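A.B. asks: One structure coming up, written as C-alpha cells, with questions to follow.
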Amino acid sequence: MRRGKGGAGILEIAGVSEDTEPVVIGVKAFPVRKVVLLYEQARIQAAQRIHARLEGEGVHVERREVGPPLLTSVLAAMAQVVREEAVDFEDVVVNVSSPDKLFFCSLLSGAFVNGLKAIAVQDGKPVQLPVLKFSYSEMISESKMNILRALQRAGGAVDSLNTLSEMSGVEKSLLSYHIRGGRDAKGLEELALVAIERAKQGRLMVSLTEMGRLMLLGGEQMRTTAVPTGGGG
C-alpha cells in the first residue's frame with residue numbers, strides 16, 4: 001500500500017452515519033493526527049458532532065460532503081484526499097464502518113482502488129480487513145492506461161480500433177493484446193474495465209465500463225507516487 005513520505009501520524013478517512021461511535025473508536029485505535037469525514041447532506045449534524053468530539057481530543061478534523069451519486073462522489077473525494085494530503089502522513093487508513101450498504105461498498109471500493117488499509121468496527125472493536133499489497137491501478141501498464149484515458153476523452157466509447165489507436169498513441173497491432181490480454185497478462189476486457197461489441201461493417205466498438213470509469217476517477221493519481229512492483233502487463 002502507499003505510504004506517505006512526510007510527518008508521523010495517521011490520516012484516517014471515515015464515512016459518517018447516525019451512529020457516530022464507530023468513527024470515534026476507529027480514530028482512537030491508531031495514532032491519528034487528522035481525520036477526514038465524508039458525509040451525506042442528511043448526516044451533517046452527525047458529522048458536526050463527531051467533529052466537535054474529536055477536535056476536543058486534539059485530533060484535526062476536516063469535513064467533506066459527498067453524493068449523489070454516492071459511489072462516484074466517494075471515490076472522487078478519497079482520490080483528492082490521497083493526492084493532496086497522504087504524502088504528509090506515515091500511513092492512510094479508511095474506516096469503512098457504515099450501516100448503509102452503498103456507503104460501505106463505496107468506502108471499501110475507494111480503499112481497494114487506492115491500495116489503502118481498511119478497517120471496520122465490530123462489537124466495539126476495530127477489525128483490520130485484508131490488505132492489498134498494491135492498488136488496482138498498479139496492475140495496469142501505461143499503455144493500458146493510455147487506452148482508458150483515450151476512451152474517457154472520447155466520451156466513453158469509440159467505434160473503431162483505428163480511432164482508438166490514434167487517440168491513445170498505442171499501435172493498432174498492440175491494441176488487441178492490451179484489450180484482450182495474453183498468456184502473461186490480463187487484458188482490459190478481462191479486468192472488466194472495457195466492454196467490446198461488434199459495430200457496423202465488422203468494426204469493434206470499445207467502451208469504458210463503470211469499473212473503468214471508477215478506476216480512472218479513483219486510482220490514476222496513485223501511479224505517480226507508488227513504488228513500482230515490477231509487474232503490470
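What follows draws every value from the coordinates through simple rules; no lab data is involved. What you see is a predicted model; the values in this text were computed from it and never measured. Positions of Cβ are generated from backbone atoms using ideal geometry, with glycine treated the same way; all protein chains shown enter the neighbour counts.
A.B. asks: Going by C-beta contacts inside 10 Å, put 144, 200 in order with the fewest on the left.
C.D. replies: Fewest-to-most Cβ neighbours within 10 Å comes out as 200, 144.
A.B. asks: In square nanometres, what is the average projected area of the Cα convex hull of segment 29-153?
C.D. replies: 9.0
A.B. asks: I've got another one for you. Cut-off is 10 Å between beta-carbons; in what order do 139, 78 appear when sorted fewest neighbours first?
C.D. replies: With the fewest neighbours first, 139, 78 line up as 139, 78.
A.B. asks: At a 10 Å Cβ-Cβ cut-off, how would you order 178, 60, fewest neighbours first?
C.D. replies: 60, 178
A.B. asks: Count the DSSP beta bridges whose two residues both fall in segment 93-195, then state the antiparallel fraction as a percent rounded to the nearest 5.
C.D. replies: 65
A.B. asks: Treating the Cα atoms of segment 28-85 as identical point scatterers in vacuum, please give the log10 of the normalised Debye intensity I(q)/I(0) at q = 0.16 Å⁻¹, two decimals.
C.D. replies: Those come out to -0.53, one per q.
A.B. asks: Can you work out the Karplus-derived ³J(HN,Hα) for every residue in segment 178-195? Use 6.51 cos²θ - 1.76 cosθ + 1.60 with θ = phi - 60°, whole Hz, and x for glycine or proline.
C.D. replies: With the stated coefficients, segment 178-195 comes to 6, 8, 8, x, x, 5, 9, 7, 7, x, 4, 5, 5, 6, 6, 9, 9, 10 Hz.
A.B. asks: For the pair residue 48 and residue 152, how long in nm is the line joining their label points, each one 7 Å along Cα→Cβ?
C.D. replies: Result for the modelled spin labels: 3.6 nm.
A.B. asks: Moving on to the next point. For each pair in 101/144; 28/101; 117/144; 144/186, compute the distance between the two Cα atoms and list the pairs where it is over 21 Å.
C.D. replies: Pairs exceeding 21 Å: 101/144; 28/101; 117/144.
A.B. asks: Percent relative contact order of the chain, based on C-alpha pairs within less than 8 angstrom and at least six residues apart?
C.D. replies: Averaging sequence separation for qualifying contacts and normalising by length gives 20 percent for the chain.
A.B. asks: Per DSSP H run of n ≥ 4, the term is -39500 (n - 2.57); total these for the chain, divide by its residue number, and report the mean residue ellipticity at 222 nm rounded to 500 deg cm²/dmol.
C.D. replies: After summing the helix terms and dividing by the residues of the chain, the value is -11500 deg cm²/dmol.
A.B. asks: Ok, one more. Can you give the FRET efficiency for residue 18 and residue 211, using 1/(1 + (r/R0)^6), R0 = 41 Å, r = Cβ-Cβ distance, to the nearest 0.05?
C.D. replies: Using R0 = 41 Å, I get an efficiency of 0.85.
A.B. asks: Also, quick follow-up: What nm value, rounded to one decimal, do you get for the distance between residue 176 and residue 201 when each label is placed 7 Å out toward the C-beta?
C.D. replies: Output for this residue pair reads 2.0 nm.
A.B. asks: To continue, here is another question. Calculate one ³J(HN,Hα) per residue across segment 165-177 by plugging θ = phi - 60° into the Karplus curve 6.51 cos²θ - 1.76 cosθ + 1.60, and present them in order as whole Hz with x for glycine and proline.
C.D. replies: 4, 5, 6, 8, x, 9, 4, 4, 5, 9, 4, 4, 4
A.B. asks: Give the label of the value calculated from the structure for Cα Rg over 2.2 N^0.38 Å, choosing from [x] 0.93; [y] 1.06; [z] 1.12.
C.D. replies: From the options [x] 0.93; [y] 1.06; [z] 1.12, the structure gives [z].
A.B. asks: Sticking with this structure for a sec: Would you look at the GNM of the chain, springs on alpha carbons closer than 10 Å, and say which of 58, 26, 187 moves the most?
C.D. replies: 58
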